[in-house]
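Asks: Dumping the structure here so I can ask a few things about it.
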Amino acid sequence: MFPEFLQYHVAGAVNRFIDDLIASYASVFDSISDGILSFLLGVNSVLTFIPWWAYIIAVFLLSWYSSKKLIGSVVLAALPFLIGMFGLWAMALESLSVIITAVLLALAIGLPLGVLMAELRPVAAILRPILDGMQTMPSFVYLIPAMMLFGLGKVPAVLATLIYALPPVIRLTALGLNQVPKAVEEAALAYGATRWQLLKEVRLPLAMPSILAGVNQTTMMALAMVVISSMIGARGLGQEVLLSINRIDVGRGFEAGMSVVFLAIVIDRLTQNMAKRWEPPKR
Amino acid sequence: MDAPQQQDVAAAAPVAETGAEAILIRDLWKVYTRKKGMSVSSSDIENDELVEELDKGEDAVVAMKNVSLEINWGETFIIMGLSGSGKSTLIRCLLRLVEPTSGDIIINGENVTAMNKRQLVNFRREKIAMVFQHYGLLPHRTVLQNVTFGLKLRGDEKESRKEKAMDSLDKVGLKGWEKYYPAALSGGMRQRVGIARALVMDAPILLMDEPFSGLDPLIRRELQDEMIHLQKVMNKTIFFVTHDLSEALRMGDRMAIMKKGEIVQVGSPDEVIANPADEYVARFVQDEREHMRRAEEVLAWDMAGKEGAAHVS
């Protein structure tokens, strides 16, 4: 066994540090918390205002419009119906509102960071190890800082989800921008493109498929994290899963788990089809 | 050609613009150095051999040594050399797509090497247009949008952009293709788009970096002929890089031969073939001399045959 006299705990110091932090910046955290919460509630009230059948029609139409596959679209539209059948409609909407909030925040932060990472070498040098760290960290660990600073409930869930879901959109935005063929960039420069024009007219449009793949990845990761964040008291599908684990209720767990999967499939299909529309035309 | 185009040509005719040369290059050098702790990215250097040398641990490689050239208004000037001779570096220096290490480039009376960013952007937009070996077309834009791209960058009106572009597409024989995307076009047609995009800028000077090297021989010949024809009407100053001697002979008024970053000979194609400056040039033009010798023999044989036939009848 590891010798006892070599043990040294930092837990006390961390606790004191967090206590001090919260004590001295309480107003900052409060306002962040309030802002996120009011946005989240706004999203949720919009989502609950829309009638259930409108979702099913919307999923079908979006899928049909972007893929032109009838059977696929019908199957895709049937998935949210199944969630409703299991009696988990309200839960699914609560999860969805956390996802939407977290993803919008992730995009607002991630897209500009991705562009900066591709444009400026020093930014890339600093960001890359941080992103590596963020992606190797087990997702549970994100719950700790979020919970420390914002307590229990939906707001820390949004923040934990945000941090967990952020890396792919940054990475894939930078990757897409860097993968633009040099010959095309050179031609644009030769015709007098400024740096901004080069970015707007050439690099961003050509990077779009990769950027949208990043958006898709970020959304998927947000969905995974939303389930985990039920551990710090976020209501939604994850809570159902957690409850059925605690009660060893396999049937209930199956319904909740399948609902998460259905939600994931619908979001994944829809965002992927969007991404395809942005690929440069073959004809 | 119809009348309005003729007028255009007259208005743009650059020959009378100034007494001085169109392009004046003085003592131009390009040295690639290794920055401390940084690997040289191959995107900065066109030339694989140079990258290899840097990788081998050399601190610096010379891509261009002491190049001085004068290109007159209205002539087609050819830069010839094998790959790795620095010709791509040279043509990119004219637009400062590659920054020269030292020396001066004076184009149309303006010192390009002394320009700041803003001036350089304006210069690229107004005075000079370039055609690339790998076309450099935008895959997400239609043929028409590709041709108008340069006009859009410099902020021309939308209506006039389209009008000029249609006119330019007409000149290169791509009428009716404006709604297609580059991916749907063959190599030759893509390069026609590249040429149309350059012509539409109405710049007095045209840079062409091995524009026909990637095309099959028949298409290459077709495009060369069209370019010669267009040049007769437009009378631009063309700076043309190639590694193909027959292309140089067909297209060029004068040519310079480059070897390992240096200019080894400048002269008209005939002069170069007749009096190669050194062994490198001689080897370059050997085939052509051979052809000419054979052509003379065939001609002599032909004449003899005809005379023989005349005797019989």
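The values are calculated or read from the model by the stated rules, or taken from the named source; none is laboratory data. On a predicted model such as this, the values are computed, not experimentally measured, just so you know. Ideal geometry is used to build each Cβ from the backbone, glycine not excepted, and the neighbour counts take in all protein chains shown. Areas reflect the complete protein model, heavy atoms only, side chains present, ligands, DNA and RNA absent. Shrake-Rupley method; radii C 1.70, N 1.55, O 1.52, S 1.80 Å.
Asks: Please work out the Cα center distance from the stretch B:144-223 to the stretch B:90-124, rounded to the nearest Å.
Replies: 24
Asks: What 222 nm value per residue comes from the helices of chain A, counting each DSSP H run with n ≥ 4 as -39,500 (n - 2.57) and dividing by all residues, nearest 500 deg cm²/dmol?
Replies: -26500 deg cm²/dmol
Asks: Once you've got the Cα coordinates, tell me which of A:Lys68/A:Lys276; B:Lys127/B:Lys259; A:Lys182/B:Lys152; B:Lys158/B:Lys179; A:Lys182/B:Lys158; B:Lys65/B:Lys259 are over 18 Å apart.
Replies: On the way: A:Lys68/A:Lys276 13 Å; B:Lys127/B:Lys259 29 Å; A:Lys182/B:Lys152 21 Å; B:Lys158/B:Lys179 16 Å; A:Lys182/B:Lys158 28 Å; B:Lys65/B:Lys259 10 Å.
Going by Cα-Cα distance, B:Lys127/B:Lys259; A:Lys182/B:Lys152; A:Lys182/B:Lys158 fall outside the 18 Å limit.
Asks: Counting only protein heavy atoms, probe 1.4 Å: which residues of the stretch B:156-192 lose 10 Å² or more of accessible surface in the full assembly compared with their chain by itself?
Replies: When all protein chains are present, B:Tyr181, B:Ala183, B:Ala184 each give up 10 Å² or more of accessible surface.
Asks: So for A:Val98, A:Val241, what's the accessible-area order with a 1.4 Å probe, most first? Please report the intermediate quantities before stating the final value.
Replies: Details: A:Val98 5, A:Val241 35 Å².
Putting A:Val98, A:Val241 in descending order of accessible area: A:Val241, A:Val98.
Asks: What do you reckon, how do B:Arg141, B:Arg250, B:Arg221 stack up by accessible area (1.4 Å probe), largest on top? Don't skip to the answer; put the middle values down first.
Replies: On the way: B:Arg141 35, B:Arg250 75, B:Arg221 135 Å².
Sorted by accessible area, descending: B:Arg221, B:Arg250, B:Arg141.
Asks: Right, here's the next one. Using modelled amide H (1.01 Å from N, peptide plane; none on Pro or chain starts), what sits under 5 Å from the amide H of B:Met208, excluding residues fewer than 5 places away?
Replies: Residues meeting the amide H criterion: B:Val131, B:Phe239, B:Phe240, B:Val241.
Asks: Taking the dipole about the Cα centre of chain A, with the C-beta of Lys and Arg at +1 and of Asp and Glu at -1, give me whichever of A:Gln135, A:Ile245, A:Leu21 is farthest to the positive side.
Replies: Ranked along the dipole, the leading option is A:Gln135.
Asks: Please work out the average accessible area per residue across the stretch B:91-218, using the 1.4 Å probe convention, and give it in Å². Before the final figure, lay out each step's value.
Replies: Numbers: 5090 Å² over 128 residues.
Using a 1.4 Å probe on heavy atoms only, each residue of the stretch B:91-218 averages 40 Å².
Asks: Residue by residue through the stretch B:208-220, which ³J(HN,Hα) values in whole Hz follow from phi under the Karplus form 6.51 cos²θ - 1.76 cosθ + 1.60 (θ = phi - 60°), with glycine and proline marked x?
Replies: Karplus values, whole Hz, x for Gly and Pro: 10, 9, 6, x, 10, 5, x, 9, 6, x, 5, 5, 4.
Asks: Same structure, new question: Pop out the carbon and sulfur fraction of the accessible area of the protein assembly as shown as a percent, whole number, probe 1.4 Å.
Replies: 60
Asks: How much accessible surface does B:Thr33 have with a 1.4 Å probe, in Å² rounded to 10?
Replies: Ignoring ligands and nucleic acids, B:Thr33 comes out at about 90 Å².
Asks: Report ³J(HN,Hα) in whole Hz for each residue of the stretch A:204-213, in order, from the Karplus equation J = 6.51 cos²θ - 1.76 cosθ + 1.60 where θ = phi - 60°; Gly and Pro get x.
Replies: 4, x, 6, 8, 3, x, 5, 4, 5, 4
Asks: Determine the total buried accessible area between chain A and chain B, counting protein heavy atoms only with a 1.4 Å probe; round to the nearest 100 Å².
Replies: Chains A and B together bury approximately 2300 Å².
Asks: With Cβ to Cβ distances under 15 Å as the rule, what net charge do the other residues near A:Ser24 carry (K, R +1; D, E -1)?
Replies: Residues close to A:Ser24 contribute a combined charge of -2.
Asks: Okay, next question. Taking H placed 1.01 Å from N in the peptide plane, check which residues at least 5 places from B:Met64 or on another chain put their amide H under 5 Å from its amide H.
Replies: B:Lys30
Asks: For B:Trp73, A:Trp196, B:Trp29, write out the residues from largest to smallest accessible area, computed with a 1.4 angstrom probe and no ligands counted.
Replies: Details: B:Trp73 30, A:Trp196 160, B:Trp29 85 Å².
Output order, biggest surface exposure first: A:Trp196, B:Trp29, B:Trp73.
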